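Visitor: I have a structure here, written as structure tokens, and I will follow up with some questions on it.
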Amino acid sequence: MGANASNYPHSCSPRVGGNSQAQQTFIGTSSYSQQGYGCESKLYSLDHGHEKPQDKKKRTSGLATLKKKFIKRRKSNRSADHAKQMRELLSGWDVRDVNALVEEYEGTSALKELSLQASLARPEARTLQKDMADLYEYKYCTDVDLIFQETCFPVHRAILAARCPFFKTLLSSSPEYGAEIIMDINTAGIDMPMFSALLHYLYTGEFGMEDSRFQNVDILVQLSEEFGTPNSLDVDMRGLFDYMCYYDVVLSFSSDSELVEAFGANQNCLDEELKAHKAVISARSPFFRNLLQRRIRTGEEITDRTLRTPTRIILDESIIPKKYAKVILHCMYTDVVDLSVLHCSPSVGSLSEVQALVAGRPNMTRAEEAMELYHIALFLEFNMLAQGCEDIIAESISLDTLIAILKWSSHPYGSKWVHRQALHFLCEEFSQVMASDVFYELSKDHLLTAIQSDYLQASEQDILKYLVKWGEHQLMKRIADREPNLLSGTAHSVNKRGVKRRDLDIEELRETLSSLLPFVRIEHILPINGEVLSDAMKRGLISTPPSDMLPTSEGGKSNAWLRQKNAGIYVRPRLFSPYVEEAKSVLDEMMVEQTDLVRLRMVRMSNVPDTLYMVSNAVPQCCHVISHQQISSNQSSPPSVVANEIPVPRLLILKDMVRRLQELRHTEQVQRAYALNCGEGATVSYEIQIRVLREFGLADAAAELLQNPHKFFPDERFGDESPLLTIRQSGRCRVNSTPTAETMFTDLDSFVAFHPPLPPPPPPYHPPATPIHNQLKAGWKQRPPTQHPSRSFSYPCNHSLFHSRTAPKAGPPPVYLPGVKAAAPDCTNTTGLGRQTAAATAATSATVASEKQAL
């Protein structure tokens, strides 16, 4: 129940709440669909206002309507052309090859889903409820003490008065700072733990402890009759923000006096103070918490308490503009970033607005305001506000704002999360970007990142075509920069008359595109003999024809689209939607025709445990199974940093990361990705690894923490050891199926003392003594010595079995004298194999004793 009145010395002052919901962004709710940023989604579109249908119809001429129809028809025809090209490619394929291509697309689609989730991952911001729980636990800036059963409970007057009518009436009788109020509760059965749980409920909306008494309806009814029934935490905190009852701190802003006098602004308006509560701002922002605690240590707080005046905090407006102060406070009390607060009242002449007038800059857009507010949130260490600004910027991404957002997010002070969303928009809308002037404003780094993606929504022919155009445009800009200043801007300038294609330097164009063209998948260009590809080869931009055009050693042609029939290094085809849909359509048609021959397109879930997926030997560092690499002998202690710059987190945090990784690995979506990408389990593992890293606020370069946690904490176990692989093998990833030749026999020293029980050999075979047998036996020859057959690497045995042995010579059996070293064991003798049985040992000892007695 919100408090509307107060007997506190400082009267309640109504605040502008900014009730407009048109521009509110609620943190924690996501407007992203599971399919990503499709063409139908309005996630990145800017809202330019609502227009009446009749006004819009007046401004739309018949020619513009006809133009829109032509553009729509052109897009549909372009998509139909792509589908036609894919159908022509698949026309001569076997149904199994088409199925293999569709399965490749399905595997890439599963990877795309994991990549999208990884790009959306970020650390969880602390909510108002969690910060209020910490406020009650750590007692920041308390101003009143409650005494119950001889126990002191330091609390905050404003919060209890806003949440509970009982405390509002009780605290109004003792308005002085640090008052001690003895509690007298009439409800029976309330002890100290239960009273503490009630206070915790007023702070957070939850009891914070499990007690059977809270399940008793009678006790709850009695408590509600005595204390009243509070509203939800959000409603009461919003009321506390609107009326500012029991405020104890004011925020003032310093301004440049010269700018104030130049524009005749009112000094009182510039020095307007904003009221707040120490408890709230110290709980939500470590910056304000440290500032208030320093005032307490220096004794400045004692003066304010003595004079009963609110604490004054003066902020530099060049760092924290005053116009954003209300937005910041509103987010602290409500967890909502509402930029409409900036425009709900006339301008009060803040320093940033005056500087904008001096510079002649237009009004800032909503995205630009969110960018500026994002930097303030980082300065205040207010993550909830920072993530709210990120959401606003991501919602503002469109063709018009793409370049500005990419540039801002690429800077060190920009948001990496926003940068990932902008790059995702670029990949999803690449066909639309290529057809606009925005494409020529892209930097080489952003363009390179886009064409490296497997999920780029464009055909390889269009990518090659527009990359060449982008390179030619860059050459024209260089030529324009080189021309004399006398020609700049005249009719004879390059920008006016243009440059013919034959006048461009091919060598310079090749150098400009040298870092981009290798990532164009030439083997997947459709049609194969297209004009774009042949023109690029004539100009020398592409030195070799695609492998699909070259004959193989068998005399046929390789197929660059299929992993099994690829002649060279396989590059998976991009997940281009028209190609994928047409390939599925062709396969469905073939399946209808050949249902009696094959039964395909079934998702084959492997029965192999997810910790035993085979990965490529080329990328062992991306293995999804935790490695157990031991610390080298020359390294005295575990490393304290990873990737040469990132500090290793605490052990508890790393265990939480490993636990989160295991949770993701066992989800149905990740298991499906493993099943569809059986040969590339490392890629699937890396996607979920970087997702975990981003959820815990670490950089992607710290992936080694999850790949080899034993390197940093060698004495700990992280719960990922498989019962089938309990023996750790150093220097080699345990999921590799075939170890290299250099490490094949280097790990046998640990197995010297291990002697597994070997089964007894079969008894020697003695053929019957027949005349024919004796004749054949006379013609037998001794078998030449052969190399001992290799044993399974997972079944270690004695080293003596690996030594070379000579075949026993024909003759009487050798006599072993005492003190003479025995020779290598004979496999045909039951008493000579490795470890003897107890009976054999007793028989041998008895024979030796009888020989001694005979001697």
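The values are calculated or read from the model by the stated rules, or taken from the named source; none is laboratory data. None of the values given here were measured: they were computed from a predicted structure. With ideal geometry, Cβ positions are generated from the backbone for all residues, glycine too; neighbour counts draw on all protein chains shown. Accessible surface areas use protein heavy atoms only, side chains included; no ligands, DNA or RNA. Shrake-Rupley method; radii C 1.70, N 1.55, O 1.52, S 1.80 Å.
Visitor: Work out, step by step, the length gained on full extension between Y138 and A435: first 0.36 nm times the residue separation, then minus their alpha carbon distance; give nm to one decimal.
Guide: 101.1 nm
Visitor: Among C141, F166, Y177, whose Cα lies farthest out toward the positive end of the dipole of region 130-178, if unit charges sit on the beta carbon of Lys, Arg (+1) and Asp, Glu (-1)?
Guide: About the Cα centre, the residue reaching furthest to the positive side is F166.
Visitor: Please report the carbon-and-sulfur percent of the accessible area for region 651-711; probe 1.4 Å, protein heavy atoms only, DNA, RNA and ligands left out.
Guide: C and S atoms contribute 51 percent here.
Visitor: Using modelled amide H (1.01 Å from N, peptide plane; none on Pro or chain starts), what sits under 5 Å from the amide H of V144, excluding residues fewer than 5 places away?
Guide: Close amide H contacts, sequence-distant or interchain: V155, R157, G178.
Visitor: Accessible area per residue of region 651-711 at 1.4 Å probe, in Å²?
Guide: For region 651-711, the per-residue accessible area is 37 Å².
Visitor: Moving to a separate point now. Give me the percent of the accessible area of region 128-231 that comes from carbon and sulfur atoms, probe 1.4 Å, all protein chains in place.
Guide: That share works out to 50 percent.
Visitor: Between I296 and S224, what length comes free when the chain is fully extended (0.36 nm per residue of separation minus the Cα-Cα distance, one decimal in nm)?
Guide: 22.2 nm
Visitor: Continuing with this model, one more query. How far is the Cα center of region 668-691 from the Cα center of region 409-463, in Å?
Guide: Going from one Cα centre to the other spans 24 Å.
Visitor: Leaving out ligands and nucleic acids, and using a 1.4 Å probe, what accessible area per residue does region 128-231 come to in Å²?
Guide: That works out to 47 Å² per residue.
Visitor: Sticking with this one: Ranked from highest to lowest mean number of other Cβ atoms within 10 Å per residue, what is the order of the peptides 569-578, 423-432?
Guide: Per-residue mean Cβ counts within 10 Å order the peptides as 423-432, 569-578.
Visitor: Could you give the dipole magnitude of region 128-231 about its Cα centre, charging the beta-carbon of Lys and Arg +1 and that of Asp and Glu -1, in debye to the nearest 20?
Guide: Roughly 300 debye, rounded to the nearest 20.
Visitor: Could you check the spin-label model distance between D145 and S318? Points 7 Å from the Cα along Cα→Cβ, value in nm.
Guide: Here the modelled spin labels are 4.5 nm apart.
Visitor: Would you grab the residues whose amide H sits under 5 Å from the one on T311? Only those 5+ places off in sequence or on another chain, please, with H modelled 1.01 Å from N.
Guide: V249, V250
Visitor: Further, regarding this structure: What is the gain in length, in nm to one decimal, between K477 and S637 on full extension, counting 0.36 nm per residue of separation less the C-alpha to C-alpha distance?
Guide: Answer, rounded to one decimal: 52.1 nm.
Visitor: Then there's this: Using a 7 Å offset from the Cα along the Cα-to-Cβ direction at both S91 and E663, what is the distance between the two label points in nm, to one decimal?
Guide: 5.3 nm
Visitor: Something else about it: What fraction, in whole percent, of alpha-carbon pairs in region 128-231 exceed 16 Å separation?
Guide: 57 percent
Visitor: What residues of region 423-457 lie in the reach of a label at L399, counting those whose backbone N is under 18 Å from a point 7 Å from the Cα along Cα→Cβ?
Guide: Correct set: 423-443, 457.
Visitor: In units of 2.2 N^0.38 Å, what is the alpha-carbon radius of gyration of region 651-711?
Guide: 1.10
Visitor: Roughly speaking, what is the centre-to-centre gap between region 280-326 and region 155-197 when only Cα atoms are used, to the nearest Å?
Guide: Cα centroid of region 280-326 versus Cα centroid of region 155-197: 26 Å apart.
Visitor: Under a 5 Å amide H to amide H cut-off, with H placed in plane at 1.01 Å, what residues pair with V642 once short-range neighbours are removed?
Guide: Placed amide hydrogens put V648 under 5 Å from V642.
Visitor: Would you mind getting me the FRET efficiency between H343 and S577? Use the beta-carbon distance for r and R0 = 25 Å, nearest 0.05.
Guide: So the FRET efficiency works out to roughly 0.05.
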